Amino acid sequence: MSTVSAYAANSAAEPLTKTTITRRAVGPHDVAFDIHFAGICHSDIHTVKAEWGTPNYPVVAGHEIAGVVTEVGSEVTKYKVGDHVGVGCFVDSCRECDNCKAGLQQYCTGGGMIGTYNSVGRDGTPTYGGYSGAIVVDEQYVLRIPDGMPLDAAAPLLCAGITTYSPLRHWNAGPGKKVAVIGLGGLGHVAVKLANAMGADVTVLSQSLKKMEDGLRLGASAYHATSDPDTFRQLAGSFDLILNTVSANLDLGAYLNLLKVDGTLVELGAPENPLVVPFFPLGAMRRNLSGSMIGGIPETQEMLDFCAEHGVLPEIEVIAPEYINEAYERVLASDVRYRFVIDTASLRD
Ligand code: NAP
Ligand code: ZN
Ligand code: ZN
């Protein structure tokens, strides 16, 4: 067992503060690594602020983790000391159900995936995430960060990257497909880059035109403000696929109307309140509404390799751990360009 520094939330109302946590001793199949960078995902904020139910405080959030291997267990074959590795939203699952066997560990039916934080590990102890100096994870749940990919920008790929890559692949985003991305935040900006790299024609639907220049530079061919009612008239029936990355509840009917016949809106945002879906915009054009959650281990590795090959990297603002609380406020105000990434150096000593 080892002790490491971390930033934890002790309740929904208090700011996160520095603390220490313990990591388990390195078992035969475990990889221990120093965390160098951890992204701040909006899901961290939903969890810490108890918007998805009361979590098990203290919560050490962070599931976009990138670092360097410091020790491996006796049976580990995939990694060695010095390797650049990452961990995403889960650190274990049952490994026996059909979904786990198919590499869809995020949809584990044998008790569910074990979250990187706010879960209980196989050893019966709470899991603590990336806002800390080091972590110990079974090698099967560790990803390889491709050579030459900077660790700070790689971190957000472990959640924002795979969460958008998986539905883009599943619904065949590519040449000839018109894809819209709602919300240009952490997930949204990676979605634009990925869909563009896959060859799709990408439109950004943002609250205002403030980030238009960025959206076009990231790879969108069009950018519209959703505060302008004309957007919904002009774009009606336009898209094959819409990814909704917004953290709040939207008028889904208005966005469903933007799909072609048989088009699909994939809900990626996980707002606190239930989704409301009116029938006519859905049924009248045989449209589809789906959800999607992160991605499994094989697809996450595929996504990292795709990003290395196509030069897809998140745009980040690197911060010190002391800035986490302010960063949370800025994410809540949609004032993020486009992912905060914590440099965890001061948590490693
Ligand atoms: P984020 O960086 O805060 O981005 C969300 C974006 O949504 C904002 O930048 C803003 O974009 C837009 N937005 C925010 N509030 C809005 C409102 N009231 N009305 C309209 N648009 C609004 O968050 P994120 O980290 O990308 O996460 C987004 C959501 O996805 C969260 O709910 C998170 O929990 C969820 N998530 C789900 C999965 C999954 O597996 N399904 C994985 C990760 C995260 P504009 O300024 O451009 O409008
Ligand atoms: Zn996330
Ligand atoms: Zn399973």
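What the table shows:
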{"quantity": "Residue match in the stretch 30-48 (condition: more than 13 Å from Pro321 (Cβ to Cβ) and open to solvent by 60 Å² or more (accessible area, probe 1.4 Å))", "calculated": "no"}
{"quantity": "Given (1) more than 18 Å from Val179 (Cα to Cα); (2) at pLDDT 95 or above; (3) open to solvent by 10 Å² or more (accessible area, probe 1.4 Å), number of the condition Ser292 does not satisfy", "calculated": "(1)"}
{"quantity": "Residues (of a type outside the set (A, V, I, L, M) and touching a strand residue (DSSP E or B) at 6+ places or on another chain (Cβ under 9 Å)) located in the stretch 153-162", "calculated": "Pro156, Cys159"}
{"quantity": "Exclusive hit being of a type in the set (D, E, K, R), within 15 Å of ligand 1 (Cβ to nearest atom) and buried (at least 18 other Cβ atoms within 10 Å of the Cβ), set Arg287, Arg330, Arg339", "calculated": "Arg339"}
{"quantity": "Breaking point among (1) open to solvent by 20 Å² or more (accessible area, probe 1.4 Å); (2) in contact (Cβ under 8 Å) with a residue 24 or more places away in the chain; (3) within 19 Å of Met293 (Cα to Cα), for Thr125", "calculated": "(3)"}
{"quantity": "Output for the stretch 221-254, where each listed residue is open to solvent by less than 50 Å² (accessible area, probe 1.4 Å) and more than 23 Å from Tyr338 (Cα to Cα)", "calculated": "Thr231, Phe232, Leu235, Gly237, Ser238, Phe239, Asp240, Leu252, Gly253, Ala254"}
{"quantity": "Output for the stretch 255-282, where each listed residue is under 17 Å from Trp52 (Cα atoms) and open to solvent by less than 70 Å² (accessible area, probe 1.4 Å)", "calculated": "Glu267, Leu268, Gly269, Ala270, Pro271"}
{"quantity": "Close pairs (7 angstrom Cβ cut-off, 6 or more residues apart or separate chains): part of a helix (DSSP H, G or I) in the stretch 154-181, of a type in the set (Asp, Glu) and open to solvent by 10 Å² or more (accessible area, probe 1.4 Å) anywhere", "calculated": "Ile162/Glu299; Ser166/Glu299"}
{"quantity": "Subset of the stretch 70-119 [in a loop (DSSP other than H, G, I, E, B), within 16 Å of ligand 1 (Cβ to nearest atom) and among the hydroxyl-bearing types (Ser, Thr, Tyr)]", "calculated": "Ser93, Thr116, Tyr117, Ser119"}
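The values are calculated or read from the model by the stated rules, or taken from the named source; none is laboratory data. Remember, predicted model here, so these are calculated numbers, not experimental data. Heads up, the Cβs are rebuilt from the backbone with ideal geometry, glycines too, and the neighbour counts pull from every protein chain shown. Accessible surface is based on the protein model in full, side chains and every heavy atom, while ligands, DNA and RNA are left aside. Shrake-Rupley method; radii C 1.70, N 1.55, O 1.52, S 1.80 Å.
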